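What follows is a single structure, written as structure tokens, with notes after it.
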Amino acid sequence: MTHPIDRRSCRCCHRELSLDQFRRRRRDSNVRLSDCRSCHNRAERVRRAAARQDRTHARLNAFFRRAQGASREQIQQIVGAMLEQFGGHQGLADAWVNYHSQARGLAKFRCYEVLFRLMQFLDQSSPKVCEMSDDELLHELQNFERRKQASH
Ligand SMILES: [Zn+2]
């Protein structure tokens, strides 16, 4: 039989639940959290996802800062390092789009600035980049990846 004292209501979802549905603050403590396990876990998932996104943005930001005023050779190194960190083109593109959608003010401007620098870089390394087909462009990028791997 459950006594009312064994139950409490969650601060978050307001459901009345048994005490074992509320985590203890510490293993050796009798004090329990005011959010139930499922609300607590959901909040933790959101917090971890936000922290992951913050780390990704901080990494991109560091690259973007390095790319400002960088020489062609430095840009090549920076792009290589970015591709490595984000696990290839798709990963980098996803991180970039996510960054751009969240960025405000100067950070947003920096996205464009770096994009222009990269376009300049592609332009110099291959003057006909605008006339290239998708296959040729892919080939160029693969060449770039190979050169990057060879330089390790
Ligand atoms: Zn709850």
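Odds and ends about this structure:
- Within segment 131-152, residues that are surrounded by 11 or more Cβ atoms within 10 Å (Cβ to Cβ) sit with their Cβ atoms under 6 Å from residues that are at pLDDT below 70 and small (Gly, Ala, Ser), at 6+ positions apart or across chains, in these pairs: Glu140/Ser126.
Conditions tested, residue by residue: (1) surrounded by 11 or more Cβ atoms within 10 Å (Cβ to Cβ); (2) within 14 Å of the ligand (Cβ to nearest atom); (3) touching a residue at least 24 places away in the same chain (Cβ under 8 Å).
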residue: Arg7; (1), (2), (3): yes, yes, no
residue: Arg11; (1), (2), (3): yes, yes, yes
residue: Arg15; (1), (2), (3): yes, yes, no
residue: Arg25; (1), (2), (3): yes, no, no
residue: Asn30; (1), (2), (3): no, no, no
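- In segment 108-119, the qualifying residues are those that are of a type outside the set (D, E, K, R) and free of Cβ contacts under 8 Å to residues at least 40 places away in the same chain, and the one that is surrounded by the most Cβ atoms within 10 Å (Cβ to Cβ) is Leu115.
- Some residue of segment 76-87 being within 14 Å of the chain's Cα centre (by Cα) and on the phi > 0 side of the Ramachandran plot: yes
- Yes/no for Ala62 being exposed (fewer than 15 other Cβ atoms within 10 Å of the Cβ), under 21 Å from the mean Cα position of the chain (by Cα) and more than 16 Å from the ligand (Cβ to nearest atom): yes
The values are calculated or read from the model by the stated rules, or taken from the named source; none is laboratory data. Nothing here was measured: the structure is a model prediction, and the numbers come from that model. Reconstructed Cβ throughout: ideal geometry from the backbone, glycine too, with neighbour counts over all protein chains shown.
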